[in-house]
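What follows is a short report on a single structure.
The values are calculated or read from the model by the stated rules, or taken from the named source; none is laboratory data. Note that the coordinates shown come from a computational prediction; the quantities given were computed from them, not determined experimentally. Cβ placement follows ideal geometry from the backbone for every residue including glycine, while neighbour counts extend to all protein chains displayed. Remember, those area values only see protein heavy atoms, side chains included, never the ligands or the DNA or RNA. Shrake-Rupley method; radii C 1.70, N 1.55, O 1.52, S 1.80 Å.
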Amino acid sequence: MRSASTSLQRPAILVLFATLAGLVLLVAGARLVTPSPLDAPIGDGSWTGRTRAWFTTRGFYRPEVDPQTGAQFSWTSGRSRLVFASLDRSQPYRLRFDFHVVRPEGAPLPDVAVAIDGVTRGHTSLTSAIGDIEVDVPTRRTAGLLVVLDVSNTWTPKDGEARVLGIIVDDVRLEPASGHFTVSWPAIGWAALAIATFATGIVLCGPPLPIAIALVAMIVAGVDWLLWLDAAFIGGDVLRLVTIGANVATLGAIVAILRRLTAGRHALWPEWPTAAAIVIGLTALKLACFTHPQIALTDAMFQVHRAELVHRGEYFFTSLTPAPSFEFPYAVALYVAAQPFWSWFRTELDLANLLRGLALIADAFVGFAVYAVARRQWASAPMALLAAAIWPLTRAPAMALGHANLTNLFGQGLFGVAMGAFAWMAAGGRTSPIALAAGGVMLTLAFLSHFSTLSIGLILIGATAMGVIVLAGRQAALRRVGVWMCIVAAIAFAVAYVVYYSHFNALYRETFTRVLSGVDRASATSMVADPATKFRRWITEDQFANDYGLPGVALFASAAIGLVWLLRRRPQDGLTIVLGVWALVWVAASALGIFSSVELRANLAATPMFVCLAAYALGAMGRTSRSGLAVAAAGLVAIAHDGVRVWLFWLGR
């Protein structure tokens, strides 16, 4: 009885301590880290499309950029609103709008009225086309602030344009009377709930205490930092973190139930709940970062608009590559997967986050797949757990997520799971009907998710299967795995072609004819530039490169060491063959992208291979000596550093 009580007390204490520590850190950081005053444009009109975290708007038009000065600005309509959902009102504030006015010649300047919480606090008849409007925000007992701008003498620039324009707001400035911002009690309560649910999900999975503490510490730091970022604790963004935390707690409960139901049945793999905790915790943090208001939108709205076409019943359409603009089918599996949840989300930004979430779910399953494959082949819990930990921190999936090529990330996640099923069989040296069926279904869905997944996928599956068949030696059972991989891949391609890609035969003929004609050879654009230019773009990850994220020095070096060790120590292992061929395909596909106009996004497709090899190398180092363990730990930190830098890049930090 005592041990059961203790087993419950420790997780509860950890959750409580994490919650209290997180709140103390949040309040201290709000005072010390948040700049005062806050001063920024309404939003970002550039390609990143970032929005404000400290307020939300309604009645403002999409932000724009002045082409001459690069300054951001936003037009109001006749009535526009700003909502500071969680602003602490225990102190007064000074609110200022910097504006300018554009009107046709001879048109009167407008009047502007500013209402605070429904009470008009300022009414100005503008006498100049540029200036500022300042109002005092009084104290009150409840948190939150609603600001309404009413503009008279609105105008429409030209016939047929739907916009009714008021004034141009260049910047919003909020200054607290005390000189620093404080966290309101409602925000403290929601933040406590977010941290507690995140931590509860982790401890319910049942990882060892040191791992649980490390994961929870990262979550506390991450949640607080995201609430400090652009003063999100003043706005309503904390509710998004509560939603993510609630899902983490739900997943943790599911893992706890499965752990109890399977107790004793899988004694050889007792650490699988720890792998679940690692993947769930790190993926949740990744989702929290990539759905923050300050995350770059990039192509997220493009994805939403395509999904809206599917919602209206249109399933077959194309897209264009970067110049020279080859047209290709744009598969829709992600959009179809989103449809059952489509009506739950009101705004385009919410729908973009839905698509991001689904893409990350598919990506997270690859983390479980690399854990399972590594565990089966190498019978080492540390190596398998390292694979699970490295996967969410890799660069290429984060780059794809940042670019918002969500269909590609979703498809590559499903493809990674399919490859995991095949590698599982190779690791065991025999076929499995369940693994074949799972791999076949995942592979088919992956092919129906993105054209580049189909392209690189067929090459990778074919090469891997041939490698297994040729290099299996006397292992007849392993050779059968390669044969079945070919059969399943052929079936998956046939289904994908009949269901979707057969509708674009005329497009294939047109593109093939264009390539043979050589009309694009003289171009210096991204896909048909000279090899030296393309190599420079590839190695520097230039914005014109059409691949996502090299693995990074730490992951690449670790993987290279792991491959050399495997080839020397375990050359006949099924997984060694799979990973070795996978590495060769990455080299060949990368070279093809540099020396031709065929770019297959090999970096994204090869990431699971890099992760498995790096996990083997770091795990083997850690077992050699204390110095080896220190080197392995440093390698893991370096890999994590490279990955988190990508997260911060897309957050503008």
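Please compute one quarter of the surface area of the Cα convex hull for region 210-307 and express it in square nanometres.
Values: hull surface 33.5 nm².
Averaged projected hull area, Cα only: 8.4 nm².
If DNA, RNA and ligands are ignored and the probe is 1.4 Å, what is the ranking of Phe60, Phe512 by accessible area, most exposed first?
Working: Phe60 30, Phe512 130 Å².
In descending accessible area the options line up as Phe512, Phe60.
Given R₀ = 35 Å, what would the calculated FRET efficiency be for Val24 paired with Gln339, taking r from the Cβ atoms and rounding to 0.05?
Numbers: r = 43 Å, r/R0 = 1.23.
The calculated FRET efficiency here is 0.20.
Ratio of alpha-carbon Rg to the 2.2 N^0.38 Å globular estimate for region 388-469, to two decimals, please.
Working: Rg = 13.3 Å, N = 82, 2.2 N^0.38 = 11.7 Å.
Scaled against compact globular proteins, the figure is 1.13.
Rounded to the nearest percent, how much of the accessible area of the chain (1.4 Å probe, protein heavy atoms only) is carbon and sulfur? Provide the component values of the computation, followed by the final result.
On the way: 18380 of 28450 Å².
Answer for the chain is 65 percent, counting heavy atoms of protein chains only.
In degrees, nearest 10, range 0 to 90: what is the angle between the Cα axis of helix 505-517 and the longest Cα principal axis of the chain?
Tilt relative to the chain: about 80 degrees.
Diagonalise the Cα gyration tensor of the chain and give the resulting equivalent ellipsoid semi-axes, square root of 5 times each eigenvalue, largest first, whole Å. Can you show the working numbers first?
On the way: eigenvalues 437, 223, 82 Å².
Working from the Cα gyration tensor, I get semi-axes of 47, 33, 20 Å.
Defining a contact as two alpha carbons under 8 Å apart and six or more residues distant in sequence, what relative contact order in percent does the chain show? If you can, show how the numbers build up before the last one.
On the way: 1212 pairs, mean separation 79.7, N = 653.
After rounding, I find 12 percent.
Considering only C-alpha atoms, what is the centroid distance from region 3-63 to region 410-477, in Å?
Each part reduced to its Cα centre gives a spacing of 41 Å.
Please give the calculated 222 nm ellipticity per residue for the chain, where each DSSP H segment of at least 4 residues contributes -39500 (n - 2.57) and the sum is spread over every residue; nearest 500 deg cm²/dmol?
Numbers: 20 runs with 374 residues, N = 653.
So the calculated ellipticity at 222 nm is -19500 deg cm²/dmol.
I need the trypsin sites (Lys or Arg not before Pro) found in region 461-511, filtered to DSSP loop residues with at most 14 other beta carbons within 10 Å of theirs.
Values: sites: Arg474, Arg479, Arg480, Arg509; in loops: Arg474.
Those that pass, being in a loop and sparsely packed, are Arg474.
Students sometimes get this wrong: rank Phe451, Phe365 by accessible area, probe 1.4 Å, all chains present, largest first.
Details: Phe451 65, Phe365 115 Å².
Accessible-area ranking of Phe451, Phe365, largest first: Phe365, Phe451.
In degrees, nearest 10, range 0 to 90: what is the angle between the Cα axis of helix 553-569 and the longest Cα principal axis of the chain?
Computed tilt is about 10 degrees.
Hey, what angle do you get for helix 574-595 against the long axis of the chain, alpha-carbon based, 0 to 90 degrees rounded to 10?
Tilt relative to the chain: about 60 degrees.
Mind checking the per residue accessible area of the chain for me, 1.4 Å probe, whole number of Å²?
Values: 28450 Å² over 653 residues.
About 44 Å² of surface per residue is accessible.
Averaging sequence separations of C-alpha pairs under 8 Å and six or more residues apart, then dividing by the length of region 1-152, give the relative contact order as a whole percent.
Values: 227 pairs, mean separation 32.1, N = 152.
Dividing the mean separation by the residue count of region 1-152 yields 21 percent.
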